[in-house]
Amino acid sequence: MADGRYPKDWKEMSLDMRLMFGYHISMMVMMVGGGSLTVRQELTIAASIAALIVFVSRYHRQRKHWRWPGVKSLDVLYAVGGIVLISLFLYSATPLFPPNNGHIVPWYLAGLGIGLFSILQSLKVAYAAEAEFTSNCMIIDQYGRELEPVNEPSSVQRSDPSWMRVTKVTYTVVFMLVWVCGVASFYFFGTAFKNGSPEPTATQTESLEDHGKTVYVTPSEKQRVHVLQLVSGVGVPLLLITGAILHFLVGVKLFSNTPTLAEYMNRDKNNPSP
């Protein structure tokens, strides 16, 4: 069953999601022309676009009589996790790409926008799908009174076996660990490369290369980068293959808005072609 939080096409996207796409595209355009703008100009443009997005979103919510549904403890936990992850991701790029360059600042701003949208989505302030947004909008009757929206009765959700839930949690934890290793490898590589020596020294004897430039680092720095790169380089494709097998063949619902093979076959049986 598809997850109503994630739209499948442009028509199902909420205004929030479309505005986020507009912001992201604006940052990419600004990144292409970054050499012609100062960092202050780029920050001013990004702040102006963000202010416009807030204004449009606020007006849309007032017109649709949106009401915040509140959050649970798990939602707050997801939001805090999102803050930590986006902070680690952006910080990992600072050694090689310091955020004081006109070409790079829009990249940081784009990443910050995506991370902020994810955090607001966890807190049920922003929505990816229009259906989820509408479900939290009040209906105004002929007397101007707000009425709770009448939600369509949802089909009975089947409870997954415990082994499926354990598998899903285990896969998510392992994926996050591999992701952290990938981010850490990028950070430690950048730090070692930035502090590397152009010539071998008594302590910096191992070579490290980036885009044709070679510096020399300590054996411990080289070993740390190698291990982290090996874990992420092998772990990511292995997890993607494993995830595809678990989701499509085994039936563990890892990708909420994508049907498993069994669901796809059952859908075809229930909707035979004329």
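The values are calculated or read from the model by the stated rules, or taken from the named source; none is laboratory data. Bear in mind the structure is a predicted one, so any value in this text is a computation, not a measurement. Virtual Cβ from ideal backbone geometry, glycine too; neighbours counted across all protein chains shown.
Candidates Ile114, Ile86: the one that is within 15 Å of Asp16 (Cα to Cα), touching a residue at least 12 places away in the same chain (Cβ under 8 Å) and either of a type in the set (A, V, I, L, M) or surrounded by fewer than 17 Cβ atoms within 10 Å (Cβ to Cβ) (or both) is Ile114. Put simply, of Ile45, Ile53, Ile49 the only residue that is over 14 Å from Leu116 (Cα atoms), touching a residue at least 12 places away in the same chain (Cβ under 8 Å) and touching a Phe, Trp or Tyr at 6+ places or on another chain (Cβ under 7 Å) is Ile49. For the stretch 194-212, filtered to residues that are within 32 Å of the chain's Cα centre (by Cα) and closer than 16 Å to Pro95 by Cβ, the residue that is modelled with the lowest pLDDT is His211. Being surrounded by 15 or more Cβ atoms within 10 Å (Cβ to Cβ) and polar (S, T, N, Q) is not true of Ser73.
Screening the stretch 155-186 for residues that are in a loop (DSSP other than H, G, I, E, B), of a type outside the set (Gly, Ala, Ser) and over 15 Å from Leu246 (Cα atoms) and picking the one that is modelled with the highest pLDDT gives Arg158. Checked against the criteria, Thr203 counts as part of a loop (DSSP other than H, G, I, E, B) and of a type outside the set (D, E, K, R). Here Ser220 meets each of (1) free of Cβ contacts under 8 Å to residues at least 24 places away in the same chain; (2) among the hydroxyl-bearing types (Ser, Thr, Tyr); (3) in a helix (DSSP H, G or I); (4) under 27 Å from Pro7 (Cα atoms) with one exception, condition (4). If you check Phe189 against the conditions, is it at pLDDT 95 or above, in a helix (DSSP H, G or I) and closer than 30 Å to Tyr78 by Cβ? Yes; evaluated as a whole, the condition is true for this residue.
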